[in-house]
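Every read-out reported here was derived from the displayed coordinates using simple, explicitly stated rules and does not represent laboratory data. Source: prediction; values computed, not measured. Cβ: placed from backbone, ideal geometry, glycine included. Neighbour counts: every protein chain shown.
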Amino acid sequence: MVTDQVLQTSEDAALGGRLFLRQPRKGHRFGHDAILLAAACSARPGEHLVDLGAGVGTAGLAVARRVRDLAVTLVEIDPALVALARDNAVRNDLAGRASAVRLDVGASAAAFAAAGLPPGAADHVIMNPPFNAPQNPSPDGDRRLAHSADSNTLASWLKAASRLLKASGVVTLIWRGDGLESVLTGVSANFGAIVVLPIHPKPDMPAIRVLVCGVKSSRAPLSLLPGLFLADRAGKATPEADAVLRGGDELPLSVG
């Protein structure tokens, strides 16, 4: 078990108390992005999900909480976060279905295979890649590692996802709303049946995030869904957002 003597942590609730997670008090901490990503994943019982850049395991464990009999592998480069992810699987009674491995997403296929993740191992891959430009890095080292990316980051992560997925496997990711063009360019290289769900903070405001999923090797056309509004004009959470962020509902993305 991870203790505060090793790393200063807090225990925080997600999904309206359906999930309790230890996370660092400083540095990268989970938020709406991880829960939205989990909600967008269409995994079903008996399948295998890989969460790339899993951090303390928030998104992958949230999917495991919603989908019974789902096997989850949490991939994370930071050894302290890997330890926390393993601890979080235990404290949420998910250790029998969820494991965490220390790997760089950009590692070789051989390194992934050595960790039990050979090509074609997964039915689903979810990811929240770093997406901030290097010229605006966080002063905190852990947050910088989690959020800063260069021009090759997205392509590298999508390459790893494509390799991990079975034929017709599904990748799901969350990205900046103003970066949709780069996401579509990257995803369309190896995926089709792409579905895009814009996430808006309030009505009449631009999307701040996009949820994107695609099917490996599919040639089906793209679908753009009506946006999800996190709050109404008064700033109160919408029922639709509350059902996802607190209730743990699945978002209505469909692929195939």
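Observations on the model:
- Multiplying the residue separation of Ser182 and Asp204 by 0.36 nm and removing their Cα-Cα distance gives an extension gain of 5.6 nm.
- Counting only residues at least eight positions apart within a chain, or on another chain, the lysines with an alpha carbon under 18 Å from that of Lys202 are Lys236.
- Simple spin-label estimate for Asp232 and Glu11 in nanometres, 7 Å along Cα-Cβ: 3.6
- Straight-distance crosslink candidates among aspartates and glutamates, where the alpha carbon sits under 16 Å from Lys26 and sequence neighbours closer than 8 are dropped: Asp4, Glu11, Asp12, Asp78, Asp140, Asp142
- Under 23 Å from the Cα of Lys159 - lysines, other chains or at least 8 residues apart: Lys216
- Cα-only radius of gyration and Dmax that characterise segment 9-175, units Å: 14.6, 43
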